[in-house]
Each structure stands twice: as C-alpha cells, then as structure tokens.
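The values are calculated or read from the model by the stated rules, or taken from the named source; none is laboratory data. As the structure is a computational prediction, the values presented were derived from the model and not from experiment. Here the Cβ positions follow ideal geometry from the backbone for every residue, glycine too, while neighbour counts run over all protein chains shown. Heavy atoms of the whole protein, side chains included, go into the accessibility calculation; ligands, DNA and RNA do not. Shrake-Rupley method; radii C 1.70, N 1.55, O 1.52, S 1.80 Å.
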Amino acid sequence: MQELRKDPIVGRWVIIAPERLTRPQNVSDADELSTEGFDPFLEGHEDATTPEIMAYRNSGEANQPGWRVRVIPNKFPAVTVEGQLDKRGVGIYDMMNGIGAHEVIVECPHREQNMSRLSVENIREVFWVYHDRLVDLKRDSRLVHGLIFKNKGARAGASLDHSHSQLIVSPIVPITIQEELDGADKFYKYRGRSIFSDMIQQELATGERIVMETEHFVVMCPYASRFPFETWIVPRQQASHFETATQAVVEDLGTVMKSVLTKMELGLDDPPYNYVLHTAPFSSPNLPHFRWHIELFPRLSRVAGFEWGSGFYINTVPPEEAAQFLRGTELTFT
C-alpha cells in the first residue's frame with residue numbers, strides 16, 4: 001500500500017510509492033525516448049494495458065480497437081483507489097494510506113509523440129476527457145482534488161513516447177494549489193477583486209508578455225516566470241473549476257493548446273515540456289478569487305541546488321522576450 005506522509009515543518013504531503021520503480025522506461029539515452037520499442041498504447045495493443053475506464057470510440061467494445069481517446073488506470077500508480085484513508089499519527093508525524101486515483105489518458109490511437117501534431121478536434125476531445133473524469137471522480141467523498149498533467153519527453157519525466165497525459169486525484173489539496181488558493185484569497189479580501197482579472201487586464205494593456213488571445217483565453221508568459229518560456233493559459237471569464245467549462249470554452253481551449261504547442265515545437269526545436277491544469281478542490285463552491293488555468297513549462301534548463309535549496313528560480317529568458325519570440329513564431333496549420 002502506498003502511503004501519504006506529511007512534512008511536519010511546511011505541511012507538504014509526500015507520496016511514498018516504491019512500486020513506481022518498476023515502471024517501464026523506453027529511454028535510449030539520458031534525454032531521449034526510444035520510438036522503436038513496443039508501444040502498449042497503440043491501437044490493437046489494448047490487452048497490454050490495464051482495462052479501460054472509459055473511451056471515446058468510433059466503433060467496437062471496451063478494450064478493443066476503434067477508440068479515439070482512451071482512459072486506463074496507471075499500471076504503476078502513485079495512489080490506488082481501493083481501501084480506506086486510515087488517517088493516523090506516528091509519533092509527531094501524520095500519515096494516511098495512499099488512496100486516490102491515478103489514470104492515464106491515451107490521447108490518440110496511433111503512435112505520435114507530439115500533441116501539437118494531433119488535430120484540433122482530437123485535442124478538444126482530450127480536454128473533454130479531463131472534464132468527464134473530474135466530474136466522475138469528485139463523486140468519491142474520500143477524494144478532494146484532481147491534478148491533470150502531461151510529461152512530454154524523457155527530460156520532462158515521460159517513460160513512453162506515445163502522446164499521453166495523466167490524472168492524479170488525491171485526498172488532500174497539493175501544497176502548490178493551496179498556495180495559489182491562499183494568495184488569490186488574500187488579494188481578493190484586500191482589493192475586493194480577483195488577481196486573475198487584474199493580471200489579464202494589465203497584461204492586455206501592456207501587451208509585452210502576451211503570446212496570443214482568443215475569445216475565451218489569454219495566453220501569457222507570466223511576469224515572474226520561473227522557467228524560460230513558461231506560459232500560462234488563463235480563461236477570460238471567472239471559473240474556479242475546470243469541470244464546469246462549457247463546450248465553447250473547451251473547443252477554444254483545443255485551438256489554443258494546439259497553437260501554443262506548435263509555436264514551441266517550431267520556435268524552440270521541439271522541446272520536452274510539462275503542463276499542469278490547476279483547478280479548485282472538488283468540495284469548494286465557485287470561488288470568486290481563484291481561476292482554473294494551465295501552466296506550461298518547456299524543459300530548456302535544469303533545476304539545480306540553489307533552486308531546490310532556496311525556492312528561488314533563476315530564469316535566463318525574460319518573459320517579455322519569450323512572449324515576443326512566441327508571438328512572432330508563425331503557425332503552419334489551419
């Protein structure tokens with residue numbers, strides 16, 4: 001059984017999951033994933049994965065070919081859905097069982113490394129799957145928060161090259177999400193308005209850190225970017241929970257994500273990257289101070305001792321220059 005253990009100094013929860021060591025790694029060298037090895041996510045290889053939770057299909061039955069986007073339990077999960085939390089103390093320490101859900105979203109049936117090369121319609125369906133899984137999992141009273149993330153490339157933590165993303169739903173709110181919630185709440189109580197609204201208003205007024213904007217989204221390199229070319233996708237309209245997104249918003253998000261990833265692929269020589277979708281806890285009402293958003297990090301630099309030891313980040317590319325570069329990178333799809 002995996003365990004959740006709480007750091008007694010800063011309140012950070014850590015997942016202890018030794019079985020994760022046994023997951024496969026199709027890595028040919030330190031920074032590259034092999035494209036030649038067996039692909040368990042390929043259509044026709046359904047028997048090589050855990051049984052699917054859901055799928056968007058053209059035809060066929062569960063765990064058979066004919067799907068477009070497929071969701072499966074992670075074969076080497078960080079947390080597991082079976083069991084009880086069993087919160088307990090161990091001396092001065094707090095811990096509980098590693099209860100939660102860890103799912104893999106296989107984004108396409110064919111072998112493709114880059115999400116940017118999927119069709120806009122395909123990417124939209126990936127985001128609809130995120131939406132559907134959050135709606136379903138929030139019914140479990142043991143679980144309080146869902147984090148969706150994508151690792152692309154070995155340097156970003158991926159172990160397989162087939163385009164996929166993941167969802168981990170946990171019984172606690174991750175410390176990074178809690179820090180955003182608390183900071184946004186503090187600003188709202190002091191100013192009486194949302195920090196996200198103010199950020200969007202100021203960034204649109206100056207334009208220097210804007211990558212692109214659409215009817216529903218503003219894409220920017222944040223003022224205090226931690227990493228070179230860090231990019232945020234922020235909805236224009238207030239909404240704290242991604243699972244409440246409308247069809248129009250999800251359709252626009254598919255276009256935005258393809259555009260941003262294509263710009264990075266063309267302009268930055270197809271970098272490894274991570275993205276995370278930050279959304280409010282399941283039990284929270286619609287929060288006027290917090291807004292769901294996506295944070296995207298190309299892995300162009302490495303985090304080293306100073307960053308780990310201090311919490312400071314050294315960013316060698318000012319966000320104004322990063323945004324200007326990405327704005328000027330012309331798209332080659334329609």
Legend entry - Pairwise FRET efficiency - Arg193 versus Ile9, Cβ, R0 = 56 Å, nearest 0.05: 0.95
Inset, instruction - Multiply the residue separation of Arg226 and Gln247 by 0.36 nm, subtract the distance between their alpha-carbon atoms, and state the gained length in nm to one decimal. - result: 4.4 nm
Inset, instruction - Compare Met1, Met199 by solvent-accessible area with a 1.4 Å probe and give them largest first, with all protein chains kept in place. - result: Met1, Met199
Legend entry - Highest-fluctuation residue, Ser116, Ser284, Ser194 considered, GNM on the chain with Cα pairs under 10 Å: Ser284
Inset, instruction - Could you work out the local net charge near His216, counting Lys and Arg as +1, Asp and Glu as -1, over the other residues with Cβ closer than 11 Å to its Cβ? - result: -3
Inset, instruction - Using a 1.4 angstrom probe on heavy atoms only, work out the carbon and sulfur share of the accessible area of the chain in %. - result: 52
Inset, instruction - Hey, can you find the accessible area per residue of the chain for me, probe 1.4 Å, expressed in square angstrom? - result: 48
Legend entry - Efficiency of FRET between Asn114 and His45 - r from beta-carbon atoms, R0 25 angstrom, step 0.05: 0.80
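So what is the relative contact order for region 190-334, in percent, with contacts set as C-alpha pairs under 8 Å and at least six apart?
This gives 34 percent for region 190-334.
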Inset, instruction - Determine ³J(HN,Hα), in whole Hz, for all residues of region 5-12 in sequence, where each value follows from phi through the Karplus function 6.51 cos²θ - 1.76 cosθ + 1.60 and θ = phi - 60°; x replaces Gly and Pro. - result: 10, 9, 5, x, 8, 9, x, 7
Inset, instruction - Sort the chain into rounded, prolate or oblate with this rule: let a ≥ b ≥ c be the square roots of the eigenvalues of the Cα gyration tensor; rounded if a/c is under 1.5, and if a/c is not under 1.5, prolate when a/b is larger than b/c, oblate otherwise. - result: rounded
Legend entry - Restraint check, Lys150/Lys189; Lys150/Lys263; Lys87/Lys138; Lys186/Lys258; Lys6/Lys150; Lys75/Lys263, Cα-Cα greater than 22 Å: Lys150/Lys189; Lys186/Lys258; Lys6/Lys150; Lys75/Lys263
Inset, instruction - Apply 1/(1 + (r/R0)^6) to the Cβ-Cβ distance of Thr214 and Asp136, taking R0 = 30 Å, and write down the FRET efficiency to the nearest 0.05. - result: 0.60
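Under the 0.36 nm per residue contour assumption, what length would be gained going from the current alpha-carbon distance of Asn315 and Arg57 to full extension?
Between Asn315 and Arg57, full extension yields an extra 88.6 nm.
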Inset, instruction - Output the direction-averaged projected area (hull surface divided by four) of the convex hull of the alpha-carbon atoms of region 255-334, in nm². - result: 7.8
